[in-house]
Structures are given as structure tokens and as C-alpha cells.
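The values are calculated or read from the model by the stated rules, or taken from the named source; none is laboratory data. Since the model is a prediction, treat every value here as computed from it, not as a measurement. Glycine gets a Cβ as well: all are built from the backbone with ideal geometry, and neighbour counts include every protein chain shown.
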Amino acid sequence: MKAIVYNEYGNADVLRYADVDTPSIGPEDVLVRVHASSINFADHTVMLRGFPMVARLATGIRRPRIGILGRDIAGTVAAIGAQVTELAVGDRVLGEVNQRGFAEYAAARAAHLGRIPDGVTFEQAATLPVAGTTALQALRLGGAGAGSTVLVNGASGGVGTFTVQLAKALGAHVTGVCSTRNADLVRSIGADEIVDYTRDDVTKGPARFDVIVDLAGGYSLGGMRRLLKPDGVFVASSGTGGRVLGSIPRLAAIAATAPFHRQRKVRVAVTKRSVPDLEHLAGLVAAGTLAPVIERTYPLSETADAIRHLETTHAQGKIVLTT
Ligand SMILES: NC(=O)c1ccc[n+]([C@@H]2O[C@H](COP(=O)([O-])OP(=O)(O)OC[C@H]3O[C@@H](n4cnc5c(N)ncnc54)[C@H](OP(=O)(O)O)[C@@H]3O)[C@@H](O)[C@H]2O)c1
């Protein structure tokens, strides 16, 4: 089968579209014929570039331990392991795998996959596992609900476009922070207010929020906490930072101080794989409540170009790969 392989850390130039063995499956696994996958921050920054470097303790010190990129998959069950009862060949499924998703076939634990409902395309489903789940769980951690005022910093990206829509679906009043070129997009998916970070500093504004979901960093924690109402919650999910430690110092500081803040609470969002959340998200797409923003779709063979596009021009929503 074809897959996107690499054997050294670097930019998109180190990626190759090559022939590899189709994965074998264990008794609790299924083999998925992947029809679509989508690119996440972790794919192009952590796994491909090897940043932050501390993450190489897990991903491989000198070179990537797993030589195929990709976490989000959506496709059809092609084979099942001997102990799998919940899925059958031909079922349409979506999920997050531990690498090896940018390929024609991927092996996955049956228990890690959700079903794609009728009316949802493979391309739409492929956007949901990492980005959709992160948005849903971040809003839940912040306690967003009907009537909440929610600020989304990084509203135009993969996670942000889901966060804006999910917060609106909960009945929140949403303010999105994005750049000038993305203001219309963020407004079109439901944001009530826009702050253009190239012109205005949101931390200097008068508005106060019940929930802040931070997907971009860029502002001090103190500045962000000042934007909260006394009962408000700041949820940090930003992976940006220095080359060696990345966002770890910032997120560690937030986690360490969290118990001491009784007001204007701070939390770190760590996305957990959840089939109920996946199927909830897919159900919202089927119902028309959630519309994944897909800026562009590339064939799997052009993954390197897709990543170059993402790195030179921030994506608007998600970039999808199809096989
Ligand atoms: N906690 C977890 O488990 C988890 C899971 C998934 C993702 N994440 C993190 O979530 C973050 C976002 O991921 P993503 O996939 O949505 O990335 P993405 O698609 O690249 O989006 C990033 C967004 O940040 C915006 N941005 C850049 N600089 C900004 C600034 N100074 N102020 C406000 N917005 C700014 C970009 O907007 P413009 O294009 O308008 O500049 C873009 O919309 C990453 O740091 C990632 O590590 C965490």
C-alpha cells in the first residue's frame, strides 16, 4: 500500500509517498481502508519537525520511531480481528490512531473507533478526531453553556473553527480572535464578535468572559486571567513555544498554579480519545449543527504540499488528505 513515510526529522521535503507493507492486525484490531485523514499541529510540528525537542523522548531521539505520519482517520472496515464483535467489514468508521494514519490502510483498536453516520462524508469525518474532540473537551472543561460568554483565541484554525461552532450550539455568546483575512470566516461560522489580533490586543479590551479557550498563546497568563469574570475559567490548549520545551513551561505553570486560583480559574486541556465524544461530534455534523471548515483537500500523494501550505499560510479550518 501507499503511505507518507519519513525517516528523519525535518520539513515537508523529508516526506515520501512510498510503498510499505499493509499493517497486520491483532485480535482486538480492525484494518481500516482509509479514505480520508486530516492534518493536525502534532503531525507537522511534533512528529515531522520533532519540535519541541523534548517530545523526541517519546517519538524517537535521533530519528522518528514510527516512520509514517497521521493520527486522524476516516474509512471503511476492511478486516476484523478474531475478538472483534462491535464492528463488521464494510462499516464506516472514524478515529484517532497512534501514527500511521496517512496511508491507504491503518490498523486500529476496534474500541477506539466510532461509526460515521449517514450523511457525513469521509472528508468531514476525518476532521473530527483530534480537532473536534479537543474543542468539545476544552469547552466542557471550561463549563461553557447556554448564556456563557466564550472567547476563542485562535478561532480560525482547525480546533478553533470547531470551538466557535460548538460554543454557539451550546447557546454561548462567542468572541473569536483571528487575523484580518479570517474575520469573515469566523463570523460566518457563528462568532458574535471578532477581535483582529493584528490590530487590537484583546487583553486591553473591556469585555469579560466566562470561558476562554486559548489555542494560540501569544498573551501572558495574567493578561488572559484579567479577561475572566470572577467565576470564569481559562482553558489552555496551545502547543506553541520554544524549540526545546515548546509550550511545556507555560502549560506546567498553568497546571501548577491551578489549585491556588479559586477565582478566575486556569486549566490545561489534554485531549482524551473518546468514542462517545467522536460519535456525538459526527452526529452534530449529520444533524447540520456542526459544519467542519475544510479549506482544501489534497490527494494523499501531495501531503508534502499540503503541509507546506499549512506552514506558509495558516490554514482556515482543516486540511484534508484523501486516498
Ligand atoms: N491539548 C491538546 O491535546 C491539543 C490537541 C490539538 C491541538 N492542540 C493545540 O491547539 C493549538 C491549535 O491547533 P490547531 O490544529 O487549531 O492549529 P491551526 O489549525 O494551525 O490554527 C492555529 C490558529 O492560531 C491562529 N493564530 C496564530 N497566531 C495567533 C495570535 N497571535 N493570536 C490569535 N490567533 C493566532 C491562527 O490564525 P490566523 O491564521 O488567523 O493567524 C490559526 O487560526 C495548537 O497549539 C495545538 O498544539 C492541543
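Data overview
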quantity: Number of the condition not met by Ala144 [criteria: (1) buried (at least 24 other Cβ atoms within 10 Å of the Cβ); (2) closer than 19 Å to Arg267 by Cα; (3) within 13 Å of the ligand (Cβ to nearest atom)]; calculated: (3)
quantity: Test: residue in segment 247-257 that is under 27 Å from Asp118 (Cβ atoms) and crowded, with 19+ Cβ neighbours inside 10 Å; calculated: no
quantity: Scan of segment 217-245 for residues that are closer than 21 Å to Leu136 by Cβ, at pLDDT 95 or above and assigned to a loop (DSSP other than H, G, I, E, B), ordered by number; calculated: none
quantity: Val34 surrounded by 18 or more Cβ atoms within 10 Å (Cβ to Cβ) and assigned to a strand (DSSP E or B); calculated: yes
quantity: So Ile212, is it crowded, with 16+ Cβ neighbours inside 10 Å and either in contact with a Ser or Thr (Cβ under 7 Å, 6 or more places away or on another chain) or at positive phi (or both); calculated: no
quantity: Options Gln124, Gln99; residue that is under 16 Å from Ser24 (Cα atoms) and under 23 Å from the mean Cα position of the chain (by Cα); calculated: Gln99
quantity: Pair list, Cβ < 6 Å and 6+ apart or interchain, from segment 301-323 residues that are within 12 Å of Asp13 (Cα to Cα) to residues that are surrounded by fewer than 18 Cβ atoms within 10 Å (Cβ to Cβ); calculated: Ala306/Tyr298
quantity: Arg264 vs. criteria surrounded by 16 or more Cβ atoms within 10 Å (Cβ to Cβ), touching a helix residue (DSSP H, G or I) at 6+ places or on another chain (Cβ under 8 Å) and either within 22 Å of Asn98 (Cα to Cα) or in the same structural domain as Phe122 (by TED's automatic domain parsing) (or both); calculated: no
